[in-house]
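The values are calculated or read from the model by the stated rules, or taken from the named source; none is laboratory data. Because the structure is a prediction, the values reported are computed rather than measured. Backbone-built Cβ (ideal geometry, glycine too); neighbour counts: all protein chains shown.
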Amino acid sequence: MMKESPREISRRSALRLGVAGMGAAGIGNALLATEGRSAVSKALRQDQELGPAPARPFAADPMEVVRVGFVGVGGMGGAHVRNFIRLDGVEIRSICDIDADRAGEVASWVTDAHENRPELYTRGERDFERMCAEEELDLVFTATPWEWHVPICLAAMENGKHAATEVPAAYTVDDCWALVEHAERYGRHCVMMENCNYDRPEMMVFHMARLGVLGEVLHAECGYLHDLRAIKFSESGEGLWRRAHSMTRNGNLYPTHGLGPVANVMDVNRGDRLDYLVSMSSPSRGLQEWAREHYPEGHAKRRERYVLGDVNVTLIRTVRGRTIYLSHDTNLPRPYSRIHLVQGTRGLFQGYPNRVHLEGSSPDHRWQDWEDLREEYDHPLWKDLEERSAGAGHGGMDYIEDYR
């Protein structure tokens with residue numbers, strides 16, 4: 001095995017909380033809470049020549065038609081296919097899924113809309129490798145169970161294709177680096193498709209922050225708070241694989257739904273950087289109680305043991321001194337929320353429900369409904385695509401994500 005040069009080792013260390021650090025809270029433990037700050041600070045002191053990743057920036061040539069292959073066309077994968085069918089300049093050339101019937105069903109949507117019949121790859125879990133090697137594609141898009149995201153993206157890039165993946169792109173630091181290094185080695189883009197970056201309230205807050213309406217942004221609170229107990233115990237879809245992560249991993253398993261939008265507002269990796277964090281989890285109780293209430297004595301699911309804390313809380317500080325509260329809560333009864341609080345020196349926005357307070361225009365010590373400001377501060381992209389995104393998943397943000 002080739003040894004890395006001191007320069008490359010230093011670069012890895014210094015970028016850990018930049019490239020890989022966007023997913024650091026989802027690694028599955030609090031490792032970076034203790035080692036991250038000192039390791040990165042030391043690396044930065046040792047190498048003053050460090051620049052932004054990648055070491056050799058590149059831009060792919062524009063394409064009139066993007067040839068796409070999909071791997072995994074269940075719930076989210078199928079929704080992305082429906083969006084891509086509606087986009088100009090896209091040709092869906094192939095579909096890969098372990099469920100041959102589902103692959104055929106989704107392929108029929110493409111045929112009905114555009115007449116061409118995508119090639120099907122349904123010979124088992126690793127048939128994506130054959131698709132990446134044989135098909136003339138520009139982009140491979142994966143919406144599979146999490147553990148397959150990295151292998152599929154690597155296979156795509158090794159075969160000269162750009163890669164796009166549902167969240168999370170990876171959940172170990174080594175896998176984050178594998179994606180970065182493959183993108184650099186093969187000159188291919190690798191994109192994590194975080195749909196919550198494109199929700200209407202999040203984009204409006206981003207627009208307001210860019211216009212200076214909130215003043216200097218100092219603090220944000222965000223998370224993924226979603227009662228997934230029934231989904232995790234389902235006999236189909238995500239229930240076939242998602243619960244297993246709760247048995248082996250503890251931490252924030254799904255950080256970017258909340259963190260992505262506020263990182264955009266704070267210019268993370270475009271002027272600021274996540275510097276260090278502390279993370280802790282509550283005891284694990286919710287899934288055990290659900291199993292006891294829904295399965296009879298002696299059922300195998302009642303004997304399962306879980307290590308994922310029901311609530312994980314992470315506090316993050318950026319290099320510029322700004323603070324982020326990030327939460328993960330999927331095992332307890334609760335309404336859905338991503339919190340999405342962004343606070344500046346002139347006002348703040350808070351989601352669920354969406355409300356705003358701006359100094360000088362809002363009533364003192366009281367909230368305003370965000371609808372009062374929609375006409376003035378709605379993001380231009382939403383204004384342009386509102387009709388086209390109607391009916392798409394998650395209120396239209398999935399379409400805008402795929403459009404971008």
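Here are Arg374, Arg334, Arg388: which of them is assigned to a loop (DSSP other than H, G, I, E, B) and among the charged types (D, E, K, R)? Don't jump to the end; show me each part of the working.
Details: Arg374 fails: assigned to a loop (DSSP other than H, G, I, E, B); Arg388 fails: assigned to a loop (DSSP other than H, G, I, E, B).
One residue alone meets the criteria, Arg334.
Please state which of the following conditions Ala79 fails to meet, knowing it meets all the rest: (1) without any contact (Cβ under 8 Å) to a residue 12 or more places away in the chain; (2) under 22 Å from Ala392 (Cβ atoms).
(1)
Looking at Arg338, Arg320, Arg366, which is the one that is touching a residue at least 12 places away in the same chain (Cβ under 8 Å), charged (D, E, K, R) and out of contact with any Lys or Arg (no Cβ under 9 Å at 6 or more places or on another chain)?
On the way: Arg320 fails: out of contact with any Lys or Arg (no Cβ under 9 Å at 6 or more places or on another chain); Arg366 fails: touching a residue at least 12 places away in the same chain (Cβ under 8 Å).
None of the others qualify; the one that does is Arg338.
Of all helices (runs of 4 or more DSSP H) completely enclosed by the stretch 217-301, which ones contain at least 2 residues that are among the hydrophobic types (A, V, I, L, M, F, W, C) and surrounded by 16 or more Cβ atoms within 10 Å (Cβ to Cβ)?
Values: elements: 229-232, 242-248, 256-265, 286-294.
The helices (runs of 4 or more DSSP H) meeting that bar are 256-265, 286-294.
List the pairs whose first member sits in the stretch 231-257 and is without any contact (Cβ under 8 Å) to a residue 60 or more places away in the chain and on the phi > 0 side of the Ramachandran plot, whose second member is part of a helix (DSSP H, G or I) and among the basic types (Lys, Arg), and whose Cβ atoms are under 7 Å apart, counting only residues at least 6 apart or on separate chains?
If the second residue must be part of a helix (DSSP H, G or I) and among the basic types (Lys, Arg), no pairs are left.
Output the number of residues of the stretch 355-399 satisfying the condition of being in contact with a Phe, Trp or Tyr (Cβ under 6 Å, 6 or more places away or on another chain) and either surrounded by fewer than 18 Cβ atoms within 10 Å (Cβ to Cβ) or charged (D, E, K, R) (or both).
1
Take the stretch 158-184 and flag every residue that is farther than 29 Å from Thr248 by Cα, in a helix (DSSP H, G or I) and either modelled with pLDDT under 95 or in contact with a Lys or Arg (Cβ under 8 Å, 6 or more places away or on another chain) (or both).
Scanning the stretch 158-184 gives a single hit, Glu184.
Of the residues Gly223, Gly251, Gly239, Gly215, which is in contact with a Lys or Arg (Cβ under 8 Å, 6 or more places away or on another chain) and either closer than 18 Å to Met280 by Cα or among the aromatic types (Phe, Trp, Tyr) (or both)? It would help to see each step written out before you state the result.
Details: Gly251 fails: in contact with a Lys or Arg (Cβ under 8 Å, 6 or more places away or on another chain); Gly239 fails: either closer than 18 Å to Met280 by Cα or among the aromatic types (Phe, Trp, Tyr) (or both); Gly215 fails: either closer than 18 Å to Met280 by Cα or among the aromatic types (Phe, Trp, Tyr) (or both).
Result of the check over Gly223, Gly251, Gly239, Gly215: Gly223.
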